[in-house]
Amino acid sequence: MFNEIIFQTHGRLLLAGICAIVIFLIALSIVCCLTPGCLGHKCLKIQKKRREKAETTTTMTMTSTTRSTDQQCGNIKLSDVSYRSWRIGSLYDNGSICENSESSPRNSYGSNAHHVFNDPGVSSTLNLVDSGKQKNDKKIKDFPTEIKLSLQYLPTCEETRGNRGKLVIGVESLSGLPPKQYNCTLEPYVTVEIVKYSWTHRKKDVLHFFRTRSIRHTANPIFRETFVIADVDSNEAKEWTLNIVAFDHDRYANHTELCSTRISFKDVKNIFTSPEIHLFNYKMKISSQEFGGILLGISYLPTAQRLTINVMKLRAVKYPQNIKPINFHPYVRILMLNSKTGRKLRKRKTHVLSSSNQLLEFNETLTFDLSFHQLDTVQFIVILCNKIVIDDVPISMTENPSDSEESTNSFNKSSDICLGKVALGKGVRGSTERLHWFSVLQNPRKLVTVWHTLK
């Protein structure tokens, strides 16, 4: 009887010990799995990576299957284009471009473009996203543009005139200007605007405006020009602001704003206490002026040696304040230039839209005869212009384009206003423009449509 009692007591203690050991081991394994650095935690992490790798492989297999099916059906996405395979691919930036979700159906374009879409060789349309939706590329080179100014205040000798005198503003030089959109030399000039802002800085009163001469073929022009303002009150002048803008004189299109800076006379008020010449160096901010968007579709037919540019439509066009909406008659002019010499080779233009056309759709096809070897040596300038319409003279809706040199030179004599431009071709500065041209070369016989920003 006593032995049975002992065995029962020992059995209970043994069972309790076994349960305690099991609970301890379970708690230890849980703590080991949750604590970083432990063996259990490392094993779980390795297993998780293996599962993710297996899922990724399965997804890639499904994607490649879908991609091959789409290619068989004639649907091409930008991710299918290998830019590095092109022989001049090293000259282009492979930025982040995705498929444009804003593309229109094929049959929605006009009759002029309809025959291009129905061409059995042109079986699909490749779309690129507009530049506004792209992420900023941090690898873009910053051009540290600097301007050298001289300021001098000469007080008058007459005591009756009080704190009045002459203000002399000198534009000495510029350095490090950003390059042109296409392969032509710069022809920079500087505008100096003296304004007085309201206390909210929302309104400004332009007091004086000056402009330097243009200097050709240089990105580091030396002006050494001075502008004199007489009868200046030194106390009032301390409230003034200098708005300085550097432009590029473009002989083919609108002048391009390169960079700008703003200088308050409050920051240089020491010039009013000394009649000496004070020199200043200011860094200028690169301009990002935009005038709207234009949708262009480009395709190249190697057998016919023909480049086709479809001018489709406009959006968010910004025109000068002196142009009223009723006087807005836009049309598009395309110039083909030699990328080495900058000489005009050919030109084409669309019909003129009436001011009553609210959709701003051209849907017009312009063609250029171009051999395959010329693709590396030409650039295209797409220019949005506003037709100056004389009263009681109807707009000519069917103006015949001309390839003669006289007709090309007559463009400089035209009184039409250029609102913005886009440069296309090898070696242009814009990343979206380069990628558009690159996609056309990589996808012959296929139409590539892109929204471009007018600058």
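Nothing in this text is a laboratory measurement; each read-out follows from the coordinates by a stated rule. All values reported here derive from a predicted model rather than from experimental measurement. Here the Cβ positions follow ideal geometry from the backbone for every residue, glycine too, while neighbour counts run over all protein chains shown.
Odds and ends about this structure:
- Long-range amide H partners of LEU370 with built H, under 5 Å: ARG306, LEU307
- For THR185, THR156, order by how many other beta-carbon atoms lie within 10 Å, fewest first: THR185, THR156
- Here the 3J(HN,Hα) profile of the stretch 381-386, calculated from phi with Karplus coefficients 6.51, -1.76 and 1.60 at θ = phi - 60°, is 10, 9, 10, 8, 10, 10 Hz, Gly and Pro shown as x.
- Per-residue Karplus couplings for the stretch 324-335, computed as 6.51 cos²θ - 1.76 cosθ + 1.60 with θ equal to phi - 60°, are listed in order as 7, x, 6, 9, 8, 10, x, 8, 10, 10, 10, 10 Hz, Gly and Pro entered as x.
- Amide hydrogen neighbours beyond the local backbone of LEU419, cut-off 5 Å, H modeled: LEU384, CYS385, ASN386
- Among the listed pairs LYS324/LYS347; LYS148/LYS269; LYS180/LYS204; LYS204/LYS421, those with a Cα-Cα distance over 22 Å are LYS324/LYS347; LYS180/LYS204; LYS204/LYS421.
- A protection proxy built from the mean count of other Cβ atoms within 10 Å ranks the segments 375-384, 349-358, most packed first, as 375-384, 349-358.
- Relative exposure of ARG50, ARG202, ARG445, ARG434, judged by other C-beta atoms within 10 Å (fewest first): ARG202, ARG50, ARG445, ARG434
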